[in-house]
Amino acid sequence: MSRTFFEGAYFGLVVVASLVRVVYTIRHKKTALAEERKLSLDSLLTGLPGFGMFVVPLIYVLTPWLDFADYHLPPWAGWIGVAIFALAIWLLWRSHADLARSWSPRLEILEGHTLVTHGVFRYIRHPMYAAHLLWGIAQVFLLQNWIAGFSMLVTWLPGYFYRIPVEELMMVEHFGDEYRDYMKGTGRVFPKLWR
Ligand code: SAH
């Protein structure tokens with residue numbers, strides 16, 4: 001399989017992942033807000049990965065500008081990328097399905113917000129962010145270029161390190177011991193295998 005095949009696979013999988021997001025965004029009815037964590041940096045940090053996921057990869061395949069930074073991996077590495085991306089899509093879908101009405105693209109507590117601790121949330125507190133991390137790793141295998149391959153990880157990691165502590169603080173302040181107990185039995189993005 002050629003590198004063009006895996007570049008095509010990347011964009012095909014991006015379409016599927018985006019569809020999952022679009023379906024749940026449409027379903028997400030505007031629920032009355034109880035609390036919102038105003039983050040000046042949050043919109044910037046959540047918007048930035050869009051460049052890493054879509055814009056830089058498109059520049060890479062549509063222009064020769066980034067070709068100087070290509071690297072070459074064997075075909076099996078491309079298939080590893082496909083498998084990791086498939087896992088990311090599954091996790092993105094399951095986390096949206098499990099979070100259901102508690103999901104919101106912003107950091108906020110909704111009216112009647114319930115703490116979700118079942119499904120994939122039983123093992124990790126941030127499965128949606130874990131899905132994006134997997135997407136970023138898959139990209140390294142599928143777009144074999146030092147700029148386009150790493151653009152998602154580089155644009156996503158600052159938000160990850162910034163947002164998770166703020167989100168967990170908000171959850172602790174709102175749910176108190178219920179969230180503290182939940183934290184004890186779960187990992188942030190890697191499942192806690194011992195309990
Ligand atoms: N960090 C989670 C959710 C991201 S969506 C993940 O990666 O899967 C962000 C919203 O989810 C926030 O507004 C927060 O209120 C809500 N949220 C996060 N964890 C939650 C949980 N366990 N139960 C209910 N809502 C949660």
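Pairs linking a residue in segment 88-114 that is free of Cβ contacts under 8 Å to residues at least 60 places away in the same chain and over 22 Å from residue 134 (Cβ atoms) to a residue that is part of a helix (DSSP H, G or I) and near the ligand (Cβ under 6 Å from one of its atoms), with Cβ atoms under 7 Å and 6 or more positions apart or on different chains, are 114/102.
Taking segment 100-131 as the range and being buried (at least 18 other Cβ atoms within 10 Å of the Cβ), among the aliphatic types (A, V, I, L, M) and assigned to a helix (DSSP H, G or I) as the test, the residues that pass are 120, 128, 130, 131. Pairs are defined by a Cβ separation below 6 Å, a sequence spacing of at least 6 or placement on different chains, a first member in segment 163-182 that is assigned to a helix (DSSP H, G or I), and a second member that is more than 8 Å from the ligand (Cβ to nearest atom) and not charged (D, E, K, R); the pairs so defined are 179/172. When you look at residue 102, is it at pLDDT 95 or above, near the ligand (Cβ under 9 Å from one of its atoms) and among the hydroxyl-bearing types (Ser, Thr, Tyr), yes or no? No: the conditions fail for residue 102.
Does residue 63 count as free of Cβ contacts under 8 Å to residues at least 60 places away in the same chain, of a type in the set (Ser, Thr, Tyr) and within 14 Å of the ligand (Cβ to nearest atom)? No. Put simply, of 157, 153 the only residue that is surrounded by 14 or more Cβ atoms within 10 Å (Cβ to Cβ), at pLDDT 95 or above and away from the ligand (no atom under 14 Å from the Cβ) is 153. Looking only at residues in segment 1-59 that are under 20 Å from residue 140 (Cβ atoms) and not in a helix (DSSP H, G or I), the one that is modelled with the highest pLDDT is 48. Scanning segment 68-96 for residues being under 22 Å from residue 46 (Cα atoms) and either of a type outside the set (A, V, I, L, M) or at pLDDT below 95 (or both) gives a total of 6.
For residue 147, state whether it is in contact with a helix residue (DSSP H, G or I) (Cβ under 7 Å, 6 or more places away or on another chain), among the β-branched types (Val, Ile, Thr), closer than 20 Å to residue 191 by Cα and more than 9 Å from the ligand (Cβ to nearest atom). Against the criterion (in contact with a helix residue (DSSP H, G or I) (Cβ under 7 Å, 6 or more places away or on another chain), among the β-branched types (Val, Ile, Thr), closer than 20 Å to residue 191 by Cα and more than 9 Å from the ligand (Cβ to nearest atom)), residue 147 does not qualify.
Surrounded by 14 or more Cβ atoms within 10 Å (Cβ to Cβ), farther than 18 Å from residue 54 by Cβ, in contact with a Phe, Trp or Tyr (Cβ under 7 Å, 6 or more places away or on another chain) and free of Cβ contacts under 8 Å to residues at least 12 places away in the same chain, is that true of residue 189? So residue 189 does not fit the description; no.
The values are calculated or read from the model by the stated rules, or taken from the named source; none is laboratory data. Note that the structure is predicted; figures quoted are calculated from it, not measured. For neighbour counting, all protein chains shown are included, and Cβ atoms are generated from backbone atoms with ideal geometry for every residue, glycine included.
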